[in-house]
Every structure is written in structure tokens, then in C-alpha cells.
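This report concerns only the one structure given below.
The values are calculated or read from the model by the stated rules, or taken from the named source; none is laboratory data. All values derive from a computational prediction rather than experimental measurement. Here the Cβ positions follow ideal geometry from the backbone for every residue, glycine too, while neighbour counts run over all protein chains shown. Just so you know, the surface numbers come from the protein's heavy atoms only, side chains and all, with ligands and any DNA or RNA stripped out. Shrake-Rupley method; radii C 1.70, N 1.55, O 1.52, S 1.80 Å.
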Amino acid sequence: METILSIRNLHKKYGRVHAVNNVSLEIEKGNVYGILGPNGSGKSTTLGIVLNVVNKTSGDYAWFGGKMQTHDALKKVGAIIERPNFYPYMTARQNLELVCKIKGAPYSKVAEKLELVGLIERQDSKFRTFSLGMKQRLAIASALLNDPEILILDEPTNGLDPQGIHQIREIIKKIAAQGTTILLASHLLDEVEKVCSHVLVLRKGIILYSGRVDSMLEGQSFYELAAVEMRSLREALRDYPETQSVEEQDGRIILRTKNSVRPDEINRFLVSRNVYVTHLVRRQNTLEEQFLELTK
Ligand code: ADP
Ligand code: MG
């Protein structure tokens with residue numbers, strides 16, 4: 001695995017506000033990473049530090065294995081951390097050609113990237129005629145002109161209508177499918193769930209979870225049970241070797257197990273204790289419930 005960025009024990013303090021508190025993250029080539037957290041959790045500050053626009057208080061980060069100066073490394077990074085800004089009276093194509101000139105990318109990239117973000121038909125329209133979603137898509141095209149190793153996006157769908165949000169997410173998935181590594185910050189859980197393979201959940205600058213989005217789901221399955229004799233059920237489950245916790249909720253028992261257990265295994269144990277269930281359902285916290293649980 002090739003490491004694009006590694007962040008180690010990063011801290012940022014603004015006076016008494018500990019905006020980033022011991023954040024570490026390894027970004028491997030080809031994955032899509034989300035930094036997820038409510039407003040004020042330190043997402044933009046973290047991105048600002050690794051993009052060298054915010055000074056860190058302590059900790060370290062290294063681009064591309066640390067073999068390169070940050071200044072040179074950032075030439076291989078495409079980032080959109082502010083509202084897109086282009087010349088209003090120039091067309092989409094003219095604006096991107098200007099960016100090519102600045103970045104030293106060939107003009108042939110302009111059509112390729114406009115195509116990718118679905119703006120090729122509007123290449124000759126002036127920027128000022130674009131909707132917010134189109135402006136955001138143009139910004140993505142612009143960030144991709146020099147074929148960066150990684151694309152960094154801060155709240156890419158903020159302020160967009162549902163259709164605009166959908167378009168941006170589809171584009172992000174397409175870019176990821178082409179092999180570009182992506183790091184995006186979002187306060188929207190479903191955004192991260194839909195487009196990211198990995199997630200760092202932050203709250204008040206502190207990591208609450210770091211890992212694969214699907215493993216975040218896995219660890220959280222539980223069983224809901226009921227029986228005519230609720231007391232016997234509860235007692236039997238307390239003796240069950242796999243039990244981690246037994247709680248009662250709305251007339252049902254919520255069983256969390258230490259390891260992943262099949263329903264028939266639970267059933268067999270209960271039958272051996274002469275308990276016959278009327279209800280046995282495996283449930284999973286939705287990512288939303290987990291996010292609320294993690295950030296509450
Ligand atoms: P997020 O992007 O997750 O919404 P930020 O990184 O913008 O969070 O902010 C994290 C914390 O740092 C917040 O409490 C915010 O008020 C504070 N903060 C951010 N930028 C500054 C700044 N330039 N000066 C003082 N405090 C700041
Ligand atoms: Mg932010």
C-alpha cells in the first residue's frame with residue numbers, strides 16, 4: 001500500500017479552544033476518506049493544516065512518505081476548501097485554461113475534466129450564469145486539471161439542492177473509481193456513508209472512530225428478543241457465555257454479544273434452558289444512530 005498522507009498526533013489550539021486534539025490518520029492510495037463531525041469539530045482546521053494554510057500547534061504530518069517538501073508535495077494535491085472563485089465574465093473553458101496556464105497543465109485537460117463533471121455542453125457559458133452546483137462542479141474540474149494524486153474537498157455539497165448534491169456525489173464516486181484518492185470533510189452522515197470507504201469521526205477535535213465505514217457498522221449488530229416468560233429469558237441470557245449486555249426496552253430484551261453470534265446458536269442455548277422465544281431478530285444500528293451515539 002502506498003501512503004499518500006500520514007498525520008500523527010496533530011494538535012491545534014486557538015487560544016483556549018482545542019480545535020484539533022491528537023488526530024492521527026493514514027491515507028492510503030485509492031481509498032475515499034471522510035472526516036465526519038458536527039460543525040466546529042475541527043474538520044476544516046485539520047484540512048487547513050495539511051494544506052499548509054493553518055499552522056499546527058504540535059504533531060506531525062507527512063505527504064507521500066515524507067520524501068518531498070510540503071511545497072512540492074502540494075503540487076500533487078487538488079483541493080477545494082473555499083467557495084469556488086472564478087472570473088465571472090469568462091467562460092468555463094476560459095477559466096480552466098487560465099488555471100492550466102498557472103498550473104502548467106496542457107489545455108487538452110480542460111475538455112477531459114469538463115466532460116468528467118458534466119459541464120462540457122456548458123463550456124462556452126460565462127461563469128456568472130452558473131448555478132451553485134455547476135460552480136462547485138467547475139471547481140472540481142479545476143482541481144483535477146493537473147491529475148492530482150489526491151482530491152481534498154471541504155463540505156462539497158453545502159448549500160446545494162438535492163439534485164446538485166446527487167450530481168456532486170456521483171462525480172466524487174466516478175473520480176474515486178478512476179483511482180484518485182479522495183479526502184472529504186462533511187457534517188453529513190449519509191454523504192460519508194454513500195461515498196467513503198473509510199471514516200474518521202471527530203467531535204470537538206477528538207477522534208471517536210477511525211476505520212472502514214463498513215466495520216463501523218459490523219461491530220454494532222445486536223439482537224432483540226421476547227418470550228412469554230420474560231424473567232426466565234433475561235436470567236438465561238445473563239448466563240449465556242457470549243452475552244456482553246442485556247437490557248430491557250419497550251417490552252423487548254436487547255442482547256449485545258461479545259462476538260458475532262448466529263440466531264440459531266442463541267436459540268439453541270435458550271431451548272437448553274427451557275426458554276422459548278416469541279421474538280428473535282437481529283438488528284443493526286443504522287450509521288445515523290451510531291453517529292448520534294458517538295457524537296452525543
Ligand atoms: P469544522 O470544520 O468541523 O466545522 P473548524 O475546524 O472550522 O470545524 O473549527 C474547529 C474549532 O476551532 C471551532 O471551535 C472553531 O470555532 C475554532 N476555530 C476555527 N478557526 C478559528 C480561528 N481562525 N480562530 C479561532 N478559532 C477558530
Ligand atoms: Mg468546516
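Between a first residue in region 122-144 that is outside any helix (DSSP H, G or I) and a second residue that is of a type outside the set (S, T, N, Q), which pairs have beta carbons less than 6 Å apart while being 6 or more apart in sequence or on different chains?
Q123/A92; Q123/R93; Q123/L114; K126/Y89
Which residue out of N31, N39 is under 21 Å from P156 (Cβ atoms), among the polar types (S, T, N, Q) and within 7 Å of ligand 1 (Cβ to nearest atom)?
N39
Check region 143-161 and report whether any residue there is under 25 Å from V195 (Cβ atoms), open to solvent by less than 40 Å² (accessible area, probe 1.4 Å) and of a type in the set (S, T, N, Q).
There is at least one residue in region 143-161 that is under 25 Å from V195 (Cβ atoms), open to solvent by less than 40 Å² (accessible area, probe 1.4 Å) and of a type in the set (S, T, N, Q).
For region 55-68, check the following and say yes or no: at least one residue is within 24 Å of A141 (Cα to Cα) and within 12 Å of ligand 2 (Cβ to nearest atom).
no
When the residues of region 189-234 are narrowed to those that are of a type in the set (V, I, T) and in contact with a helix residue (DSSP H, G or I) (Cβ under 8 Å, 6 or more places away or on another chain), which ends up modelled with the lowest pLDDT?
Residue satisfying both the conditions and the ranking: V213.
Restricting attention to region 30-46, which residues are among the β-branched types (V, I, T) and within 12 Å of ligand 2 (Cβ to nearest atom)?
I35, T45, T46
Checking L47 against (1) touching a Leu at 6+ places or on another chain (Cβ under 7 Å); (2) open to solvent by less than 10 Å² (accessible area, probe 1.4 Å): exactly one of these is not met. Which one?
If we test L47 against (1) touching a Leu at 6+ places or on another chain (Cβ under 7 Å); (2) open to solvent by less than 10 Å² (accessible area, probe 1.4 Å), just (1) comes out false.
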